[in-house]
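The values are calculated or read from the model by the stated rules, or taken from the named source; none is laboratory data. None of these values were measured; they are calculated from a predicted model. Don't worry about glycine lacking a Cβ; one is built from the backbone with ideal geometry, like all the others, and counts go over all protein chains shown.
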Amino acid sequence: MRHLSFSDAIDDALGQAMAADPRIILLGEDVQGLHAGLFVRFGRRRVRNTPISEAAFLGAAVAAAMAGLRPVAEIMLVDFIGVAADALLNHAAKVEAFSGGRWRVPLVVRTACGGGYGDGGQHEQSLWGWLGHIPGLSVVVPSTPADAGGLMLASLALDAPVIFMEHKLLSSRWLDFLGSGGRDTVSYDIPAEGVRGPAPDVWEPLPIGKATVRRGGSDLTIVTLGVGVHRALEAAAILERSGISAGVVDLRSVSPLDQETLRREVGRTGRMLVVDEDYERFALSGELAAAALEGDLNFKYGRVCTRSTIPYAPELEQETLPNVERIVRAGKKMVGET
Amino acid sequence: MHLFAPEKLAASSGIVGASGPAAVGLALAGQVLRPGTVSVAFFGEGAANAGMLMESMNLASVWKLPVVFVCKDNGWAITTPADSATGGNLLARARAFGMKALEVDGTAVEAVWPAAEIALGHARAGLGPVFILARCVHIEGHLLGDALLDMVRRPAYSLRKRTWPMVRGLFKRGGAPWGERLASARQMLEAVFRVHIDKAAGSDPLARTRRALAAEDATRLSGLESEIRGKIRDIVTRAMSSPGSPG
């Protein structure tokens, strides 16, 4: 057992897979610098810098996957997926269905998401709800280094497109590149267990579509993912002091969703509080309510999400993103309601 | 990143290439509502490879829109050297869209001014869009805290964070043959050196212009500078006292 950072865990698992399978290549903007360890280890034919042409290189990655490679295409920030949305929406997601299963798209789209470090509305989005909405795509959002490495391995093994989303607050590499720029005067509210943690010496795939219970609770079930898991755990500790026992479910996958774990945990407490950093409306948070209702559950519902375009001013940014205070308030309100 | 001035019809975006469609749209509105006006798009040469920008150049050409596309070529697409990201020649590329294209030393105000006059005149006269390729120098990297610059400025910090993973990659079992690994390591070092040289060679155009003005007319220079300082003071005061601002 070793201790790795979130970013290193992902690259370590990717490196393990690349060593075993020569068809896996990594392409994207500045990846040779951002993943210098992989670039030096595997060379420029397997780790390729692209021009700033997301539509072209993501579209190319889809077809390269169809033709026998197993590409990992990196879209620097998920916000930029807008530029290349067609490649995912109309091609990656549909080729298998259109060809009656004869053509597969074993593509991993690796992308950084999330906010809380002052990068503004076009650089801090989550968008996993938007992506999970499209049939034919899988979307995973790890919250710890161990999960990140395991999910990367599972994503690489799947013969279908997976969007692998790395929250920037958990990634010291992204924060360094985009946020602090190495300035000592800048610091962020970073969840320690998400940034660095235990990791196996040899990676095993972590099944996609399986949530995990991070904390047991009897009064309330907080359903969340990514950095939300850590905010929820912090909020649960505070709620405990007020006599409220809150459990925390880490979804790990947006699509496919682990309906079974969701229904079991919410069924137990009768209260679902969703903490979802993505936009509130027409989102994952609503989907979770639908999933529980379809499971014939009777439950109280609340959600803490991002309700508007993310502001640039730091105080406004902190209020807009799901913070511990908002979660605690929502939890107390839900329990008080009965 | 998101500076907006509706009164001046000025906007910016964090999405690389977005100035293309924006300038074309502003020009379209101008062509209909304010004939004789012109719109200007600023972008780096890395952005020249973005689909939306190339589409904008084509659209401006076929609709003969009054747009000046200003490409600031500093030789870097973020941390990727331009020669490994940009195919062909950008002037030729612009001309291939059917538009007039000029090349200028972007670090010299006295060169940019006449080139801009030509470009703006051409666009205003309804003759179609113009492309200006302005050679520049990348003084502070793509963004504050640029990784490549950092390796030169903070070698000890970079040793742990950046150099060490490369050393590990060099020796880790399972990967490319030695020759390829060394080629990658060399490429990284070359990029760091190139950035360092760019930074050393590139003098700040503002500083140069200031020196030239000081030699020519020191009184006028100090008048201009105090006027600028006054304007900045006013803007800051207004911003700090506006609602929603801290302190």
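Results, tabulated for the structure shown:
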{"quantity": "Scan of the stretch B:153-183 for residues that are farther than 16 Å from residue A:15 by Cα and either among the small types (Gly, Ala, Ser) or more than 9 Å from chain A (Cβ to nearest Cβ) (or both), ordered by number", "calculated": "B:155, B:156, B:158, B:159, B:160, B:178, B:179, B:183"}
{"quantity": "Subset tally (residues that are of a type outside the set (A, V, I, L, M) and closer than 24 Å to residue A:300 by Cα) for the stretch A:184-243", "calculated": "19"}
{"quantity": "Per-region count, the stretch A:287-322, residues outside any helix (DSSP H, G or I) and over 19 Å from residue A:123 (Cβ atoms)", "calculated": "10"}
{"quantity": "Set B:134, B:115: member being touching a helix residue (DSSP H, G or I) at 6+ places or on another chain (Cβ under 9 Å) and either surrounded by fewer than 18 Cβ atoms within 10 Å (Cβ to Cβ) or more than 8 Å from chain A (Cβ to nearest Cβ) (or both)", "calculated": "B:134"}
{"quantity": "Some residue of the stretch A:148-170 being on the phi > 0 side of the Ramachandran plot and buried (at least 24 other Cβ atoms within 10 Å of the Cβ)", "calculated": "no"}
{"quantity": "Single unsatisfied condition, residue A:237 versus (1) in contact (Cβ under 8 Å) with a residue 60 or more places away in the chain; (2) more than 14 Å from the chain's Cα centre (by Cα); (3) part of a helix (DSSP H, G or I)", "calculated": "(1)"}
{"quantity": "Lone qualifier among A:322, A:311, A:256 - being within 18 Å of residue A:220 (Cα to Cα) and either at pLDDT 95 or above or within 14 Å of chain B (Cβ to nearest Cβ) (or both)", "calculated": "A:322"}
{"quantity": "Residue count for the stretch B:200-236, restricted to those that are among the hydroxyl-bearing types (Ser, Thr, Tyr) and under 21 Å from the mean Cα position of the chain (by Cα)", "calculated": "2"}
{"quantity": "Criterion: buried (at least 22 other Cβ atoms within 10 Å of the Cβ), among the aliphatic types (A, V, I, L, M), assigned to a strand (DSSP E or B) and within 15 Å of the chain's Cα centre (by Cα) - qualifying residue of A:249, A:274", "calculated": "A:249"}
{"quantity": "Failed condition for residue A:77, given (1) within 11 Å of another protein chain (Cβ to nearest Cβ); (2) farther than 19 Å from residue A:155 by Cα", "calculated": "(2)"}
{"quantity": "Complete set of residues in the stretch B:70-109 that are within 17 Å of residue B:131 (Cβ to Cβ), small (Gly, Ala, Ser) and within 14 Å of chain A (Cβ to nearest Cβ)", "calculated": "B:82, B:87, B:88"}
{"quantity": "Output for the stretch B:1-33, where each listed residue is surrounded by 13 or more Cβ atoms within 10 Å (Cβ to Cβ), of a type outside the set (A, V, I, L, M) and either away from every other protein chain (no Cβ under 14 Å) or outside any loop (DSSP other than H, G, I, E, B) (or both)", "calculated": "B:19, B:20, B:21, B:25, B:30, B:31"}
{"quantity": "In the stretch A:192-220, residue nearest to residue A:154 (Cα to Cα) [restricted to those that are among the hydrophobic types (A, V, I, L, M, F, W, C) and more than 20 Å from the chain's Cα centre (by Cα)]", "calculated": "A:202"}
{"quantity": "Number of positions in the stretch B:34-52 that are crowded, with 18+ Cβ neighbours inside 10 Å and not small (Gly, Ala, Ser)", "calculated": "6"}
{"quantity": "Tally of residues being part of a loop (DSSP other than H, G, I, E, B), within 10 Å of chain B (Cβ to nearest Cβ) and in contact (Cβ under 8 Å) with a residue 40 or more places away in the chain across the stretch A:17-68", "calculated": "2"}
{"quantity": "Among the residues listed as B:46, B:88, B:17, the single one being touching a strand residue (DSSP E or B) at 6+ places or on another chain (Cβ under 9 Å) and at positive phi", "calculated": "B:17"}
{"quantity": "Residue match in the stretch B:23-34 (condition: at pLDDT 95 or above and closer than 27 Å to residue B:79 by Cβ)", "calculated": "yes"}
{"quantity": "Failed item, numbered, when residue B:177 is tested on (1) closer than 30 Å to residue B:153 by Cα; (2) at pLDDT 90 or above; (3) out of contact with any Lys or Arg (no Cβ under 7 Å at 6 or more places or on another chain)", "calculated": "(1)"}
{"quantity": "Qualifying residue in the stretch B:55-78 (condition: in a loop (DSSP other than H, G, I, E, B) and aromatic (Phe, Trp, Tyr))", "calculated": "yes"}
{"quantity": "Near pairs, Cβ below 7 angstrom, 6+ apart or cross-chain, from the stretch A:100-128 (under 13 Å from residue A:314 (Cα atoms)) to any residue that is of a type in the set (D, E, K, R) and assigned to a loop (DSSP other than H, G, I, E, B)", "calculated": "A:115/A:124; A:116/A:189"}
{"quantity": "Sole residue being of a type outside the set (Lys, Arg), touching a helix residue (DSSP H, G or I) at 6+ places or on another chain (Cβ under 8 Å) and under 21 Å from residue A:208 (Cβ atoms), chosen from A:132, A:118, A:33, A:43", "calculated": "A:132"}
{"quantity": "Test result for residue A:231, surrounded by 24 or more Cβ atoms within 10 Å (Cβ to Cβ), within 30 Å of residue A:33 (Cβ to Cβ) and more than 14 Å from chain B (Cβ to nearest Cβ)", "calculated": "no"}
{"quantity": "Residue within the stretch A:109-125 that is under 11 Å from residue A:62 (Cα atoms), of a type outside the set (D, E, K, R) and in a loop (DSSP other than H, G, I, E, B) present", "calculated": "no"}
